[in-house]
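Student: Have a look at this one before I ask anything.
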Amino acid sequence: MALIVQKYGGTSVANPERIRNVASRVAKYRAQGDRIVVVVSAMSGVTDNLIKLAKEIMPLPSEREMDMLLATGEQTAIALTAIALHALGVDAVSLTGAQAGIVTDGVHTKAKIQNITPKQVHALLDAGKVVIVAGFQGQTPEGQITTLGRGGSDLTAIALAAALRADLCQIYTDVDGVYTADPRIVPGARKLNEISYDEMLELASLGAKVMQSRSVEFAKKFGVVFEVRSSLNDNPGTIVKEETQSMEGVVIRGVSLDKNQAKVTLVSVPDKPGVAARIFKALGDAAINVDMIVQNVSHGSGSPATDLSFTVDKPDLLKAAKVIEGLRNDVGCREVISDEKIGKLSIVGVGMRSHSGVAAKMFDTLAKEGINIGMISTSEIKISVVIDLAKGEQAMRAVHAAFLDK
Ligand code: ADP
Ligand code: ASP
Ligand code: MG
């Protein structure tokens, strides 16, 4: 008898018919004798709507209250899923993240899981029930409700699979696996049969929202092999697992585009020791993740100054701008410019480690499309460039064609 964790995303529970469809799939596995833990997200659009509502009232709402608000989305979905299972005569019970024993730190809206004590889950499984757990949420040791960052139900599923030592972890979504690029943007994208944790992690952190990046990090750390597959058909999906030797043969595994970044530029900051440290410490203290950083060559001779640009997630832009404004007099910069119209295009593949000329080919492809590169960053297995948002999709298709079209 296998223990299976199945996660269903927002589109998979978007309406009563889809929820019934999820219930039938769960019932089918249950009928084979498997023990099943189901993790569900909020119905699609619900989280976005709740955020919109709050921001209509106030542009920077309290993060504690945001968690209180957003957690309701998943709570609705678990109860409806349990009801759909009852309608099929399957014994099922829903649990909030807190009831499932998910304990997090207190960083509201992007809390980290500290530990999971799934006592209730075990007891309910032992009693023969299907257990439905609310994704995306947890509770601090003091009992405050927290959420795990957008797309966080993936993390709930993977962390529960690790804590329960599940035999199988299946992530059901609206595509039948991980593709070489977002199939909605690149018609020629191909489904991958397997992908390494590192490649999936890079793709996910660089904009492929098919998996939340923190969930992949967690899976790698705890060795949770998982499958991404469709809730709408029975096609085999994509297995995400440790790298194998054969994976190195492929230079580029995928292309991703992150439209969710914004750039902040500090114009004319003093070019002297300690300035960058002050800026990035203040951002870090405000729990803002900074991604790319570019510092221009110094200008001026007496007291040299430089321009410093960095990127943050778009939802953090207001907060970042506020932090920088607070530092402005202290640090002494002339102007702060925010730019939301950027896209970050990346190519990813473990094979890059052993192949050369990859960056040149990417830059050449963009040049031929007349697309200017604003910032560049690389790692062993990825190359990212910041470009004009309006040209992002065109760039993605061109780069996919250069590296991945058959
Ligand atoms: P869920 O609600 O199930 O969590 P998401 O909307 O978060 O689903 O993620 C699935 C979506 O991810 C797909 O509809 C697809 O458009 C998008 N996506 C982006 N990049 C990729 C990729 N490389 N492979 C597959 N899907 C991708
Ligand atoms: N409902 C949350 C979100 O929209 C979590 C998730 O879908 O995984 O981000
Ligand atoms: Mg998702």
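Student: Restricting the calculation to Cα positions, tell me the Rg (one decimal) and the Dmax (whole number) of the chain in Å.
Tutor: 22.6, 80
Student: Counting only C-alpha contacts under 8 Å and six or more residues apart, can you give the relative contact order of the chain as a whole percent?
Tutor: Details: 883 pairs, mean separation 54.5, N = 406.
Relative contact order comes out at 13 percent.
Student: Using a 10 angstrom cutoff on alpha carbons, build the Gaussian network for the chain and name the most mobile of VAL331, VAL312, VAL255.
Tutor: Among VAL331, VAL312, VAL255, the largest mean-square fluctuation in the Gaussian network model of the chain belongs to VAL331.
Student: Something else: Subtracting the Cα-Cα distance from 0.36 nm times the residue separation, let me have the gained length for SER377 to THR76 in nm, one decimal. Write down the numbers at each step before the final one.
Tutor: Values: separation 301, 0.36 × 301 = 108.36 nm, distance 4.12 nm.
Separation in residues times 0.36 nm, less the Cα-Cα distance, equals 104.2 nm.
Student: Across 10 Å bins from the origin, how do the percents of Cα pairs in segment 102-222 run, short distances first?
Tutor: Answer for segment 102-222: a P(r) of 13, 40, 31, 14, 2 percent.
Student: Tell me, what ³J(HN,Hα) does each residue in segment 359-373 have, in order and in whole Hz, if you take phi through Karplus 6.51 cos²θ - 1.76 cosθ + 1.60 with θ = phi - 60° and put x for Gly and Pro?
Tutor: Listing the rounded values in order: 4, 4, 5, 5, 5, 5, 4, 5, 4, 5, 8, x, 9, 8, 9 Hz.
Student: Now, a different point. Can you give the calculated 222 nm mean residue ellipticity of the chain, where each DSSP H run of n ≥ 4 adds -39,500 (n - 2.57) and the sum is split over every residue, rounded to the nearest 500 deg cm²/dmol?
Tutor: Values: 11 runs with 140 residues, N = 406.
Using -39500 (n - 2.57) per qualifying helix, the result is -11000 deg cm²/dmol.
Student: Using 1/(1 + (r/R0)^6) with R0 = 41 angstrom and r between the beta carbons of ARG278 and LEU3, what's the FRET efficiency to the nearest 0.05? Display every interim value, and only then the final one.
Tutor: Numbers: r = 50 Å, r/R0 = 1.21.
So the FRET efficiency works out to roughly 0.25.
Student: Sticking to Cα atoms, compute the Rg of segment 1-64 to one decimal and its Dmax as the biggest Cα-Cα distance, whole number, in Å.
Tutor: In order Rg, Dmax, the Cα atoms of segment 1-64 give 16.4, 51 Å.
Student: Report the Cα centroid-to-centroid distance between segment 135-202 and segment 4-76 in angstrom, as an integer.
Tutor: First find each Cα centre; the distance between them is then 14 Å.
Student: For a protection proxy built on the mean count of beta-carbon atoms within 10 angstrom, sort 261-272, 70-81, 106-117 highest first, please.
Tutor: Working: 261-272: 19.4, 70-81: 22.2, 106-117: 17.5.
Final packing ranking: 70-81, 261-272, 106-117.
Student: If Rh is defined by the Kirkwood formula over all Cα pairs and Rg also comes from Cα, what ratio Rg/Rh do you get for segment 88-129?
Tutor: Values: Rg = 13.0 Å, Rh = 11.7 Å.
Dividing the radius of gyration by the Kirkwood radius yields 1.12.
Student: Most mobile of SER94, SER346, SER338 per a Gaussian network model of the chain (Cα springs, under 10 Å)?
Tutor: Checking each option, the largest mean-square fluctuation is seen for SER338.
Student: Treating each Cα of segment 270-346 as an identical point scatterer and ignoring solvent, apply the Debye formula and state log10 I(q)/I(0) at q = 0.11, 0.22 Å⁻¹.
Tutor: -0.29, -1.11
Student: Hey, could you grab the Kirkwood Rh for segment 252-303? Inverse mean 1/r over distinct alpha carbon pairs, Å, one decimal. If you can, show how the numbers build up before the last one.
Tutor: Details: mean 1/r = 0.0722 Å⁻¹.
After inverting the mean inverse Cα-Cα distance, the result is 13.9 Å.
Student: Running Debye on segment 73-159 with equal point scatterers at the Cα sites and no solvent, what base-10 log of I(q)/I(0) appears at q = 0.22 Å⁻¹?
Tutor: Reported log10 I(q)/I(0), two decimals: -1.00.
Student: I need the phi-derived Karplus couplings for segment 264-279: 6.51 cos²θ - 1.76 cosθ + 1.60, θ = phi - 60°, integer Hz, Gly and Pro marked x.
Tutor: 10, 10, 9, 8, 6, 9, x, 8, 8, x, x, 5, 4, 4, 5, 5
Student: Ok, one more. Taking every pair of alpha-carbon atoms in segment 1-142, what share in percent sits in each 10 Å bin, from 0 to the bin with the longest distance?
Tutor: Once binned at 10 Å, the Cα pair distances of segment 1-142 give 12, 40, 32, 13, 2, 0.
Student: How large is log10 of I(q)/I(0) for segment 204-262 at q = 0.24, 0.25, 0.29 Å⁻¹ when the intensity is taken from the Debye formula with one equal scatterer per alpha-carbon?
Tutor: -1.22, -1.24, -1.24
Student: Multiply the residue gap between GLU325 and ASP388 by 0.36 nm, knock off their C-alpha separation, and tell me the result in nm, one decimal place.
Tutor: Values: separation 63, 0.36 × 63 = 22.68 nm, distance 2.53 nm.
Value of the extension gain: 20.1 nm.
Student: I would also like to ask the following. Normalised by the empirical 2.2 N^0.38 Å for globular proteins, what value does the Cα Rg of segment 163-239 take?
Tutor: So segment 163-239 has a normalised radius of gyration of 1.06.
Student: For VAL130, what residues show an amide H to amide H distance below 5 Å, using hydrogens built from the backbone and excluding near sequence neighbours?
Tutor: Those lying under 5 Å, H to H, from VAL130 are ASP91, ALA92, VAL93.
Student: Sticking with this one: Can you give me the P(r) profile for segment 220-335? Cα pairs, bins 10 angstrom wide beginning at 0, each as a whole percent.
Tutor: 11, 30, 21, 18, 15, 5, 0
Student: For segment 378-386, just list the computed ³J(HN,Hα) in residue order, Karplus coefficients 6.51, -1.76 and 1.60, θ = phi - 60°, integers in Hz, with x standing in for Gly and Pro.
Tutor: Once rounded to whole Hz, the list reads 9, 9, 4, 10, 8, 10, 10, 10, 9.
Student: Give me the lysines in straight-line cross-link reach of LYS319: C-alpha distance below 16 Å, same-chain residues under 8 apart excluded.
Tutor: Partners within reach: LYS55, LYS110, LYS263, LYS281.
Taken together, the values in this text are just the output of simple stated rules run on the coordinates, not laboratory data. Bear in mind that the values here come from a model prediction, so they are computed numbers and not experimental data. Cβ: placed from backbone, ideal geometry, glycine included. Neighbour counts: every protein chain shown.
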